[in-house]
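K.L.:
Attaching a single structure in structure tokens format; questions to follow.
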Amino acid sequence: MADELQSLREQIADASNTDPASTRPLLEQLWQLRPGASSASFVNQHHAALGDLTKKSITVLRSFTVEPLVPILRAAASLHGLDLTIDVGGFGTYAQDLLDPSSAIYTTSRPDVAILAVQARDVAPDLWDSFSRLDSADVDLAVARVAGEFSSMIDAFRRHGDADLIVHSLEVPGNLALGVADRSAERGQAQAFDELNARIADAVDRTSGVHLLDVNQVISDVGRPNWHDDRKWTSMRMPIRADAMPILVDAWLRLIVPVTGQVSKALVVDLDNTLWGGVIGEDGVEGIDLGPDAPIGAGFLALQRTLLDLRARGIILAICSKNNHDDVVEVLDQHPHMVVKLEHFSAVRANWEPKPDNLRSIADELNIGLDSIAFIDDNPAECDQVRRLLSDVTVIELRSPPTPSQNPLARHPRFERTALTGEDRSRADMYEQQRQRRQLETSSVSLEDHLNALGTTVTTDAMGHDDVPRISQLTQKTNQFNLTTNRYTESQIESFGAEANATVLAVRAADRFGDHGLIGTAIVRASASTATIDTLLLSCRVIGRGVETAILAWIVDWAAARGCTDLVGDFVPTARNKPAAGLYESNGFERVHESSESSTWRLEVGPEAIVVPSWISWSLEHEEQDT
Amino acid sequence: MNTDIADRVGGLAAGVFDVSRDDITPASTSDDIESWDSLAMLNLVVALEDEFSIEIDPADIDQLSSIGDVAGLVARRVNG
């Protein structure tokens with residue numbers, strides 16, 4: 001391994017001078033081989049070769065020394081497309097940092113994500129060190145005290161700012177005071193910590209934009225003897241062993257990446273030697289390695305199961321394989337151990353065309369950007385071609401066969417989601433419904449016939465508390481039918497909903513093929529006689545049939561109920577939102593202002609100011625909901 | 001063998017202290033390098049433990065004043 005490492009470093013040094021485009025995959029390989037402080041130094045030195053990264057800022061609030069983790073986080077994040085500025089809060093001042101509204105995280109530094117990293121031994125020393133000297137009542141008090149502290153800090157964070165917060169859970173001690181009798185004791189030590197962690201988890205769950213990092217899972221991953229650094233804890237209050245650091249960093253990234261919106265919406269898979277061992281064109285259906293009885297086949301079986309897990313999280317699957325289409329259909333249908341089936345894939349490109357062309361075609365068919373696509377392939381030449389021609393695609397090179405317990409997809413940060421909405425869970429089914437809709441479209445006589453046959457119903461209402469994650473997700477991900485492209489966190493959406501003279505809309509649509517769910521939103525504010533549209537967007541799934549008109553009609557009605565005479569909104573053009581450019585004009589708005597950056601439109605509020613097309617069934621619901 | 005260790009130590013130090021490789025010599029001390037404080041030293045120790053798969057006793061760190069000293073300590077740990 002030392003030779004391989006040395007060789008990689010030399011290649012990287014060469015590449016950064018001669019061929020920067022090949023630096024990234026080499027750095028990824030280095031990180032895969034030996035993640036840690038020393039590789040981090042290397043990766044950070046070659047930061048410039050990684051191309052365009054998204055800038056985000058992090059602050060770590062802590063009860064212990066975390067500085068050695070910072071360069072490791074920075075390096076690992078850069079390999080996932082993030083350029084992180086990482087600040088560290090004062091040693092042990094984490095409570096003040098969170099409780100004080102004038103503290104830096106709310107005023108000057110204002111990070112996108114804060115991490116609250118405190119140790120059980122620091123925040124609950126009595127439960128950690130002195131458990132055997134406590135009686136039941138003392139334990140109850142201690143648990144309540146610490147749970148209360150976390151609650152206060154989390155509530156304060158939400159009240160004073162809009163960012164996301166990652167909270168470390170507390171380590172359950174390895175050496176329990178009562179030993180094996182702890183479990184059956186009336187008030188055991190492990191039980192006390194489990195209860196404390198459950199209460200911390202409750203505070204996390206009931207607060208939007210706050211996420212739990214399970215420290216005990218990290219310790220389990222590294223193995224307890226490999227976690228705590230006794231010597232550095234004693235001398236410098238730095239408790240984590242060097243080898244354990246990249247595993248903790250990985251756990252941080254699996255939250256930071258989805259929270260900052262760096263997600264992949266679709267995974268395109270190669271087939272031969274990626275989903276099974278061997279090549280169907282040569283080995284035939286019977287000859288490929290896939291099944292529980294041998295290590296190679298069992299590893300591919302596990303990877304296929306991971307694919308279905310990803311699909312259940314709302315990630316769309318597609319195939320891009322150099323094979324005959326019929327052979328692919330046959331093997332997916334016939335192989336006795338095949339876990340994935342044709343119906344699990346929303347797009348299939350099995351042909352002899354170059355993969356970059358197929359990936360572009362898949363992106364078009366799924367109606368998503370290339371930067372939302374991840375691609376996995378075992379073939380280095382295919383991976384290289386995609387990297388060079390489609391630099392926005394996330395390329396996952398399968399450098400060695402998957403094993404039953406590990407594959408590069410299972411914990412990949414781009415496939416993580418911090419909360420799954422109903423829409424996520426049923427997304428793949430929705431794509432199937434979409435395919436059926438498209439079939440109807442091609443068989444309809446006229447557009448109007450088609451739209452009538454679709455039978456679209458639109459329900460617009462002020463949002464409820466449960467709608468917040470989905471609405472925030474829509475503002476983060478919708479690019480095409482989006483008038484102003486304002487991106488909002490869950491916390492911001494919640495606070496808009498609570499404003500007295502504002503409304504956040506939840507727009508739901510369904511048609512004859514199925515329910516689309518919550519597919520649009522608008523944010524409107526009323527002041528004196530003018531209502532202003534801050535945001536109006538629609539998922540690309542329902543563009544082109546007038547749903548947006550129903551939304552405008554609802555807004556006009558809302559504004560009129562508040563005594564507004566005017567409805568005003570901006571259109572901010574971007575590279576992607578041409579589909580929304582004509583919305584105001586085609587609904588009777590007048591352009592009152594124009595600059596190079598935006599145009600402002602105005603409509604006089606009145607009954608029937610907006611005409612909703614006859615093929616949409618819609619209703620005005622005006623429940624004033626306290627969110 | 002020891003020049004290889006000295007070289008790798010120097011390379012890591014340059015990365016950790018965020019200076020150019022040429023600014024690091026065996027004679028370099030914390031007086032020469034502005035960003036070399038106790039936290040930066042801790043970061044270097046962690047990087048060295050990772051690079052050489054060794055454990056460095058914090059007690060030994062207090063004895064180190066130059067990069068050459070650091071490389072010497074690493075060599076002793078590596079060679080057992």
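K.L.:
Would you please give the FRET efficiency between A:GLU499 and A:ARG110, computed as 1/(1 + (r/R0)^6) with r the Cβ-Cβ distance and R0 = 22 Å, to the nearest 0.05?
P.N.:
Numbers: r = 21 Å, r/R0 = 0.95.
After rounding to 0.05, the efficiency reads 0.60.
K.L.:
Please get the size of the charge dipole for the stretch A:472-527, origin at its Cα centre, with Cβ charges of +1 on Lys and Arg and -1 on Asp and Glu, quoted in debye to the nearest 20.
P.N.:
Result for the stretch A:472-527 is approximately 160 debye, rounded to the nearest 20.
K.L.:
Under 5 Å between amide hydrogens, which residues at least 5 positions from A:ASP229 or on another chain qualify, with H placed 1.01 Å from N in the peptide plane?
P.N.:
Residues meeting the amide H criterion: A:ILE240, A:ARG241.
K.L.:
Which of the aspartates and glutamates could be linked to A:LYS578 by a straight reach, that is with a Cα gap under 13 Å, when you skip same-chain ones fewer than 8 residues away?
P.N.:
Of all the aspartates and glutamates, none pass the test against A:LYS578 - Cα under 13 Å, at least 8 places apart if same chain.
K.L.:
Once the principal axes of the Cα atoms of the stretch A:475-627 are found, what is the range along each, listed largest first in whole angstroms?
P.N.:
Dimensions of the stretch A:475-627 along the principal axes of its Cα atoms: 42, 37, 36 Å.
K.L.:
Same structure again: Using a 1.4 Å probe and counting only protein heavy atoms, arrange B:LEU39, A:LEU50 so the residue with the most accessible area comes first.
P.N.:
B:LEU39, A:LEU50
K.L.:
Measure out, as a whole number of angstrom, how far apart the alpha-carbon centroids of the stretch A:97-113 and the stretch A:53-95 sit.
P.N.:
15
K.L.:
Right, next: Apply the Karplus curve 6.51 cos²θ - 1.76 cosθ + 1.60, θ = phi - 60°, to the phi angles in the stretch A:347-356 and return the couplings in whole Hz, x for Gly and Pro.
P.N.:
Whole-Hz 3J(HN,Hα) from phi for the stretch A:347-356: 8, 10, 10, 10, 7, 10, 6, x, 4, x.
K.L.:
One-quarter of the Cα convex hull surface for the stretch A:339-381, in nm²?
P.N.:
On the way: hull surface 15.5 nm².
With the hull built on Cα positions only, its mean projection is 3.9 nm².
K.L.:
So, in Å, what gap is there between the alpha-carbon centers of the stretch A:135-162 and the stretch A:230-260?
P.N.:
24
K.L.:
Say the dipole of chain A comes from +1 at the beta carbon of Lys and Arg and -1 at that of Asp and Glu; which of A:GLN385, A:ALA453, A:VAL215 then lies farthest toward its positive end?
P.N.:
Most positive-ward Cα: A:VAL215.
K.L.:
Name the residue from A:ILE610, A:PHE513, A:GLN476 whose Cα lies farthest towards the positive end of the charge dipole of chain A, charges +1 on Cβ of Lys and Arg and -1 on Cβ of Asp and Glu.
P.N.:
A:GLN476
K.L.:
Now for a different question. Given only helices, namely DSSP H runs of n ≥ 4 each adding -39500 (n - 2.57), what is the per-residue ellipticity at 222 nm of chain A, to the nearest 500 deg cm²/dmol?
P.N.:
Working: 24 runs with 259 residues, N = 627.
Only helices count here, giving -12500 deg cm²/dmol.
K.L.:
In terms of Cα to Cα distance under 27 Å, which lysines are near enough to A:LYS355, apart from those fewer than 8 places away along the same chain?
P.N.:
Within the straight-line cut-off, A:LYS355 pairs with A:LYS265, A:LYS322, A:LYS341, A:LYS477.
K.L.:
Considering amide H positions built from the backbone, and no H for Pro or chain starts, which residues 5 or more places from B:LEU64, or on another chain, come under 5 Å of its amide H?
P.N.:
none
K.L.:
Just flag the GluC sites (Glu not before Pro) in the stretch A:507-612 sitting in loop per DSSP whose Cβ has no more than 10 other Cβ atoms within 10 Å.
P.N.:
Working: sites: A:GLU548, A:GLU585, A:GLU590, A:GLU594, A:GLU597, A:GLU604, A:GLU608; in loops: A:GLU597, A:GLU608.
Within the stretch A:507-612, the qualifying GluC sites (Glu not before Pro) (loop, at most 10 other Cβ atoms within 10 Å) are A:GLU597, A:GLU608.
K.L.:
Okay, moving on. Suppose every K and R has +1 on its Cβ and every D and E has -1 on its Cβ; what is the size of the dipole of the stretch A:84-138 about the Cα centre, in Debye to the nearest 20?
P.N.:
140
K.L.:
Output wanted: per-residue J couplings in Hz (rounded whole) for the stretch B:63-71, from phi through Karplus 6.51 cos²θ - 1.76 cosθ + 1.60, θ = phi - 60°, x for Gly and Pro.
P.N.:
7, 8, 10, 10, 4, x, 4, 4, 4
K.L.:
Quick one: pull the percent of accessible area on the protein assembly as shown belonging to carbon and sulfur, 1.4 Å probe, ligands and nucleic acids left out.
P.N.:
On the way: 14070 of 30200 Å².
Its accessible area is 47 percent carbon and sulfur atoms.
K.L.:
Applying the Karplus parametrisation 6.51 cos²θ - 1.76 cosθ + 1.60 with θ = phi - 60° to the phi angles of the stretch A:478-484, what ³J(HN,Hα) value in whole Hz is obtained for each residue in order, glycine and proline being reported as x?
P.N.:
In residue order, the calculated couplings are 7, 10, 7, 9, 9, 5, 10 Hz.
K.L.:
Roughly what would the spin-label model give for A:ARG399 and A:LEU5, points 7 Å off Cα along C-beta, in nm?
P.N.:
According to this spin-label approximation, the distance is 1.3 nm.
K.L.:
Let me ask another. What accessible area per residue, rounded to a whole number of Å², is obtained for the stretch A:282-396 using a probe radius of 1.4 Å?
P.N.:
On the way: 4870 Å² over 115 residues.
With the other protein chains kept in place, the stretch A:282-396 gives 42 Å² per residue.
K.L.:
Could I have the simple spin-label model distance between A:THR234 and A:SER617, label points 7 Å from Cα toward Cβ, reported in nm to one decimal?
P.N.:
Result for the modelled spin labels: 7.5 nm.
K.L.:
Place a point 7 Å from the Cα of A:THR54 along the Cα-to-Cβ direction; which residues of the stretch A:235-265 have their backbone N under 20 Å from it?
P.N.:
Flagged as within label range: A:249-265.
K.L.:
So, by mean Cβ neighbours within 10 angstrom, what's the order for A:376-383, A:244-251, A:560-567 with the highest one leading?
P.N.:
Averaged packing, sorted descending, gives the order A:244-251, A:376-383, A:560-567.
K.L.:
Leaving out ligands, DNA and RNA, calculate the buried accessible area for the pair B and A with a 1.4 Å probe, summed over both sides, in Å² to the nearest 100.
P.N.:
Result for this pair: about 1700 Å² buried.
K.L.:
Enumerate the amide H contacts of A:THR85 below 5 Å, restricted to partners 5 or more residues apart or on another chain; note that Pro and chain-start residues carry no placed amide H.
P.N.:
A:LYS56, A:SER57, A:ILE58
K.L.:
Å³ per residue of the Cα convex hull, for the protein assembly as shown? Walk me through the numbers before you get to the answer.
P.N.:
Details: hull volume 144.5 nm³, N = 707.
Output value, Cα hull per residue: 204 Å³.
K.L.:
While we're looking at this one, here's another question. Using protein chains only and a probe of 1.4 angstrom, how many square angstrom of A:LYS56 are accessible, to the nearest 10?
P.N.:
50
K.L.:
Across peptide A:231-240, what mean number of C-beta atoms from other chains lies inside 10 Å of a residue's C-beta? Mind dumping the intermediate values first?
P.N.:
Working: counts 5, 9, 1, 1, 6, 7, 0, 6, 0, 1.
Across A:231-240, the average partner-chain Cβ count within 10 Å equals 4.
K.L.:
Once label points are set 7 Å from the Cα along Cα→Cβ at both A:ASP214 and A:SER595, what is their separation, rounded to one decimal in nm?
P.N.:
For A:ASP214 paired with A:SER595, the spin-label model returns 4.9 nm.
K.L.:
Still on this structure, please answer the following. Based on Cβ point charges of +1 for Lys and Arg and -1 for Asp and Glu, what charge dipole magnitude is obtained for chain A about its Cα centre, in debye rounded to the nearest 20? List each step's numbers first, then the result.
P.N.:
Values: 56 positive and 91 negative charges, 174 e Å.
The dipole of chain A has a size of about 840 debye.
K.L.:
Let me ask something else about it. Calculated FRET efficiency, A:THR574 and A:LEU342, Cβ-Cβ r, R0 35 Å, to nearest 0.05?
P.N.:
0.45
K.L.:
Now for a different question. For the stretch A:52-89, list residues with backbone N below 20 Å from a point placed 7 Å from the Cα of B:SER38 toward its Cβ?
P.N.:
The answer is A:62-70, A:88-89.
K.L.:
Evaluate the Kirkwood expression for the hydrodynamic radius of the stretch A:200-256, namely the inverse of the mean inverse distance over all pairs of different C-alpha atoms, and round to one decimal in Å.
P.N.:
Working: mean 1/r = 0.0793 Å⁻¹.
This gives a value of 12.6 Å.
K.L.:
For the stretch A:528-610, report the accessible area per residue in Å² (1.4 Å probe, heavy atoms, rounded to an integer). Can you show the working numbers first?
P.N.:
On the way: 3630 Å² over 83 residues.
With all protein chains present, the stretch A:528-610 gives 44 Å² per residue.
K.L.:
Over chain A, what relative contact order in percent results from Cα pairs under 8 Å that are six or more residues apart? Write out the running numbers ahead of the final one.
P.N.:
Working: 1095 pairs, mean separation 57.1, N = 627.
The value is 9 percent.
K.L.:
With the other protein chains left in place, how much accessible area per residue, in square angstrom, belongs to the stretch A:442-493 at a 1.4 angstrom probe? Don't skip to the answer; put the middle values down first.
P.N.:
Numbers: 2000 Å² over 52 residues.
With the other protein chains kept in place, the stretch A:442-493 gives 39 Å² per residue.
The values are calculated or read from the model by the stated rules, or taken from the named source; none is laboratory data. Keep in mind the model is a prediction, meaning the values are calculated, not measured. FYI the Cβ positions are ideal-geometry reconstructions off the backbone, even for glycines, and counts take in every protein chain you see. Please note that ligands, DNA and RNA were not included when accessible areas were found on the heavy atoms of the full protein model with its side chains. Shrake-Rupley method; radii C 1.70, N 1.55, O 1.52, S 1.80 Å.
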